[in-house]
Each structure stands twice: as C-alpha cells, then as structure tokens.
Amino acid sequence: GVLCARPESIERIRNRTVPKGDVLEVARAAGIAAAKRTADWIIFCHPIPLDWVGISFEIGTDQIKVVAEVRTVWKTGVEMEAITAVSAALLNIYDMLKPLDDDLSFGAIKVVEKKGGQSDFTAEFAKPSSIRHNDSREQG
C-alpha cells in the first residue's frame, strides 16, 4: 500500500519530528498487531497462528510504501492478514500526520505475492523419498 503526503511531512517522518512520535515504529507495531487480529475484523477469516509478521517501509519524496510479509505453517493462506497489516499501518501513519498535512491519501493496497496455502497444496512429493537403514549385517 502507499500513503501520499507533502514532502515536508515525509521529511518530518525521516527526522522523527512528528509530534505524536516515531511514525514508522508506531505503524510497524500497529501492522503486526492487526495481522494477529485479522479474524476479529474479517468475518470469514479463521484465527490462525502466525509464525512471523514483518512490516517494511520504502520512503520516497512524497510517499511511503508499506509492505507486509506474513508467514505461517498452516492449511490456509495469509494474504488477508498481510492486507490487514498494511491497512492498519497506513491508517496509523495517516492518523499521526493528519494534524500536519491536509493532502494525505492512501491506497494501492494489493497482494504482490502468495506462496503456499490451499492453492499450492499437493498430496504428492516431487520425487520419491527414500530411507536408508544402516544394517550392520550387510557390512560383512
């Protein structure tokens, strides 16, 4: 997702001079917390254990790109958790900047990559696995 703001607002984020605090660290914490609570917001999502949630930022002159990566070892995908994480991070950035900037907007939230989950599930291995036993009787 992307948040657009005035260059002066982005510079205040870089310099950590936003009155409400460190915008990126608050957004990171909010995104992680939101990913863990996705089932509370998205009606058809099941609560699932998340192994890892990462939030990163790419800061431009007049925008901040927010990227979330979510991992789990589970029978379903976690794209909804990633979208929720990005949305929460963007909402928190917006909230912290709104007293300083009337030109804020955000959007362009999309799933960039998805691996695993039911769409990648296979009941067969790519190649047969083999187990070798070291039997002392074979070593004459």
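For the reader, a short list of remarks on this structure follows.
- Annotation: amide H-H contacts under 5 Å for residue 106 (H modelled 1.01 Å from N, sequence separation of 5 or more, or interchain): 4.
- Surrounding net charge for residue 86, when Lys and Arg each add one and Asp and Glu each subtract one, Cβ distance under 13 Å: -1
- FRET efficiency estimate (nearest 0.05) - Cβ-Cβ, residue 102 to residue 56, R0 30 angstrom: 0.65
- Gap separating the Cα centres of the range 89-110 and the range 41-73, nearest whole Å: 16 Å
- Gain on full stretching of the segment that runs from residue 71 to residue 11 - 0.36 nm per residue minus C-alpha separation: 18.4 nm
All of the numbers you see were taken from the coordinates with simple rules; none came from a lab. Computed from a predicted model, the values in this text were never measured in an experiment. Cβ atoms come from the backbone with ideal geometry, glycine included; neighbour counts cover every protein chain shown.
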